[in-house]
Each structure stands twice: as structure tokens, then as C-alpha cells.
1. Any idea which residue in region 83-103 is modelled with the lowest pLDDT, counting only those that are within 17 Å of Cys22 (Cβ to Cβ) and surrounded by fewer than 14 Cβ atoms within 10 Å (Cβ to Cβ)?
2. Which of the residues belonging to region 1-25 are in contact with a strand residue (DSSP E or B) (Cβ under 8 Å, 6 or more places away or on another chain), modelled with pLDDT under 95 and either exposed (fewer than 13 other Cβ atoms within 10 Å of the Cβ) or among the acidic types (Asp, Glu) (or both)?
3. Give me a count of the residues in region 5-54 that are out of contact with any Ser or Thr (no Cβ under 8 Å at 6 or more places or on another chain) and on the phi > 0 side of the Ramachandran plot.
4. For region 57-78, which positions are assigned to a loop (DSSP other than H, G, I, E, B) and either crowded, with 16+ Cβ neighbours inside 10 Å or at positive phi (or both)?
5. Filtering region 39-51 down to residues that are over 13 Å from the mean Cα position of the chain (by Cα) and free of Cβ contacts under 8 Å to residues at least 24 places away in the same chain, which residue is surrounded by the fewest Cβ atoms within 10 Å (Cβ to Cβ)?
6. Residue pairs, Cβ under 9 Å, 6 or more apart or interchain, first in region 53-79 and in contact (Cβ under 8 Å) with a residue 24 or more places away in the chain, second loosely packed, with under 11 Cβ neighbours inside 10 Å and among the small types (Gly, Ala, Ser). List them.
7. Filter region 86-103 down to residues that are more than 16 Å from Glu6 (Cβ to Cβ) and part of a loop (DSSP other than H, G, I, E, B), then give me how many there are.
8. Take His54 and tell me if it is touching a Leu at 6+ places or on another chain (Cβ under 6 Å), open to solvent by 30 Å² or more (accessible area, probe 1.4 Å) and over 17 Å from Gly8 (Cα atoms).
Amino acid sequence: QVHLVESGGGLVLAGGSLTLSCVGSGTVFSYNTMAWYRQAPEKQRELVAHVHHHGDTFYADSVKGRFIISRDNDKNTVYLQMNSLRPEDTGVYYCNALYAPGPWGQGTGVTVLS
């Protein structure tokens with residue numbers, strides 16, 4: 001079973017940057033496409049970006065050109081570098097496997113002030 005621990009969130013002004021980290025335990029992490037999701041208040045969780053085991057990436061249109069997803073398979077860690085943050089990026093950010101996701105972690109909160 002994969003356990004996921006997200007960190008790196010915080011409070012930031014619009015235009016600022018944050019880098020999120022997600023550490024996973026278990027061998028499932030290394031061979032899965034890993035994704036970042038976010039859930040804004042009173043909204044459904046949405047996919048933000050994902051990265052294949054070999055490094056291919058995908059971004060939602062809303063973050064394309066501003067966010068960068070990456071992973072370190074040796075460290076079972078996936079990152080999300082978030083630049084040019086906007087108030088609409090506010091939410092709780094989670095990571096999980098894109099296909100057959102496991103139990104969700106606690107997430108890490110991001111608040112962007114205008």
C-alpha cells in the first residue's frame with residue numbers, strides 16, 4: 001500500500017512561487033504515472049498535472065506555462081513547482097497515482113492572496 005505525504009504549501013501573494021513535494025512509500029510509486037490534483041473550497045478535486053515514470057508530462061490548461069511537475073524515482077518523490085501564482089490556484093493540493101490511485105494523503109494547502 002502506498003502512503004503519500006504532501007508538503008510545501010503555504011500563503012503567498014499573487015505572482016509568487018511555491019514548490020510542493022510528495023513523498024510516497026511503496027514500490028507502486030516508482031512505476032506509476034504520478035499526478036498532482038487540487039481541490040478548491042466547495043469544488044471538486046481536479047487534475048493539475050501528471051508525470052510519467054520516464055518523465056513525459058501533462059498539464060491542465062489552467063496551469064500550463066506556470067507550473068512544472070517533476071519526479072525523483074530514487075527518492076520516491078514528485079514535485080510541483082508553481083510560478084506566477086493566482087488567487088484561483090488556491091486550494092488543497094494532493095498527489096496520487098494517475099491510474100488506480102491509492103489512499104489519499106492529507107494534502108498541502110495553498111492560499112494565494114490578491
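1. Filtering region 83-103 for residues that are within 17 Å of Cys22 (Cβ to Cβ) and surrounded by fewer than 14 Cβ atoms within 10 Å (Cβ to Cβ), the one modelled with the lowest pLDDT comes out as Ala100.
2. If the condition is that a residue be in contact with a strand residue (DSSP E or B) (Cβ under 8 Å, 6 or more places away or on another chain), modelled with pLDDT under 95 and either exposed (fewer than 13 other Cβ atoms within 10 Å of the Cβ) or among the acidic types (Asp, Glu) (or both), then His3, Ser25 are the ones that fit.
3. 2
4. Answer for region 57-78, where residues must be assigned to a loop (DSSP other than H, G, I, E, B) and either crowded, with 16+ Cβ neighbours inside 10 Å or at positive phi (or both): Val63, Gly65, Asn76.
5. Residue satisfying both the conditions and the ranking: Glu42.
6. Note: pairs meeting the criteria are Arg71/Gly55.
7. 3
8. no
The values are calculated or read from the model by the stated rules, or taken from the named source; none is laboratory data. Model, not experiment: these values are computed from the prediction. FYI the Cβ positions are ideal-geometry reconstructions off the backbone, even for glycines, and counts take in every protein chain you see. Heads up: the accessible areas ignore ligands, DNA and RNA and are worked out on the full protein's heavy atoms, side chains in. Shrake-Rupley method; radii C 1.70, N 1.55, O 1.52, S 1.80 Å.
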